[in-house]
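The values are calculated or read from the model by the stated rules, or taken from the named source; none is laboratory data. Everything numeric in this text was worked out from a predicted model, so none of it was measured. FYI the Cβ positions are ideal-geometry reconstructions off the backbone, even for glycines, and counts take in every protein chain you see.
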Amino acid sequence: MTSSLREYGLIALLIAVSVGGYLLFERNKEDLLSFSLDAIGTKLVNLVDDETAKIRIAEAFKRFQQQVRDNELRPDQIEYVAASVLNLTKSNARISPEEAEMVLAANLVDQPTALPAPQAADREARETFTLSDADQVQLGKRIESILLFAEAVQKSDSANLHLVHFESDDKGIRIALDTEFGNQWASKSFEKVRQNLDESRLVRWEPRLEDRQKAEIRRHESHQEALEALKTRQANSTFRVADEERLDLLSVRSKLRSMGVLAMPDSADFNKEIRVIIESALAEVEAAFEEEGVTISLESDSTRSVN
């Protein structure tokens, strides 16, 4: 009898330990991802230059987090937002509420025709994506590891910031480091985060990363300047190439790209559209001169390098 009671007691203990372990795992699984996203959301809100709109962006991010909990977003969509926000933070950017909403919504829609409204993320009938427990834990760990590195970079010499770029592709969120960052990487400041990042293979090294990033910034800035000039010309004449709202959207997207926001899923289509619009505008100007008997040939950097 005593032996049987002892066995039942052991079984009950094992069940309790198993259930407790499962519940702890479930809580840690959710807490890790939730904690990491909370930090990303705080950074996004702090980027907004309109103090009265910060609550609006905080609410928008809560809706984004609910989509994550409801398995409506793929990991790459979540990591896209995280990497973009970290790049904006690194560049000490200040953005409008509408631009913050675009960072959240741009990877959720195929062809937005205007800046997304605050409720844009609340569309019905979304496709759902089921993440395994292990995948959810790994996603939380990846974002947490990147966050810890980002904090270490922000605390280090500000001259190092241009040697770092956060990216996200089919392999997930990663850190791209210029090879010139090697000495800082080996320093004690990064000792705590270095091992975990190396083990997780979340870092890639690129010679002349700084030069490539500067070229990207100049390219997108030139796109924005051309689009803004076109908007001004259209506003002051009967000259028309594109709808004003469309020009606004393309201009804002170019601005965000120049500030570190990652390429959006439909960027190829948008870049083609920018090229067509600018080329059409140049053709209109050439035609106007030809009517006056003057032959010219105009070419824009924006039309040569939009890709």
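Given ARG208, ARG219, ARG174, which one is modelled with pLDDT of 90 or more, within 18 Å of the chain's Cα centre (by Cα) and of a type in the set (Lys, Arg)? Of ARG208, ARG219, ARG174, the one residue that is modelled with pLDDT of 90 or more, within 18 Å of the chain's Cα centre (by Cα) and of a type in the set (Lys, Arg) is ARG174.
Taking segment 60-82 as the range and being of a type in the set (D, E, K, R) and more than 15 Å from the chain's Cα centre (by Cα) as the test, the residues that pass are LYS62, ARG63, ARG69, ASP70, GLU72. Within segment 179-202, restricting attention to residues that are in a helix (DSSP H, G or I) and under 21 Å from the mean Cα position of the chain (by Cα), the residue that is nearest to ALA152 (Cα to Cα) is LEU197.
Return only the number of the condition from (1) modelled with pLDDT of 90 or more; (2) part of a loop (DSSP other than H, G, I, E, B); (3) more than 23 Å from PRO97 (Cβ to Cβ) that LEU262 does not satisfy. In the conditions (1) modelled with pLDDT of 90 or more; (2) part of a loop (DSSP other than H, G, I, E, B); (3) more than 23 Å from PRO97 (Cβ to Cβ), LEU262 misses (3) alone. Residues in segment 198-252 that are surrounded by fewer than 17 Cβ atoms within 10 Å (Cβ to Cβ), among the polar types (S, T, N, Q) and over 25 Å from ARG174 (Cβ atoms): THR232, ASN236, SER237, THR238. Starting from segment 180-201, keep only residues that are farther than 15 Å from HIS162 by Cβ, then list their pairs with residues that are modelled with pLDDT under 90 and surrounded by 11 or more Cβ atoms within 10 Å (Cβ to Cβ) whose Cβ atoms are within a distance under 7 Å, requiring at least 6 positions of separation or different chains. Short answer, once both residue conditions are applied: SER189/SER156. When TRP205 is tested against the conditions (1) touching a strand residue (DSSP E or B) at 6+ places or on another chain (Cβ under 7 Å); (2) within 24 Å of LEU104 (Cβ to Cβ); (3) not in a helix (DSSP H, G or I), the lone failure is (2).
Condition (residue is of a type in the set (Lys, Arg), out of contact with any Leu (no Cβ under 9 Å at 6 or more places or on another chain) and farther than 23 Å from LYS43 by Cβ) applied to segment 232-241: is it met by at least one residue? Within segment 232-241, one or more residues are of a type in the set (Lys, Arg), out of contact with any Leu (no Cβ under 9 Å at 6 or more places or on another chain) and farther than 23 Å from LYS43 by Cβ. Quick check on VAL164: is it crowded, with 19+ Cβ neighbours inside 10 Å and over 17 Å from the mean Cα position of the chain (by Cα)? Here the answer is no, as VAL164 does not meet what is asked.
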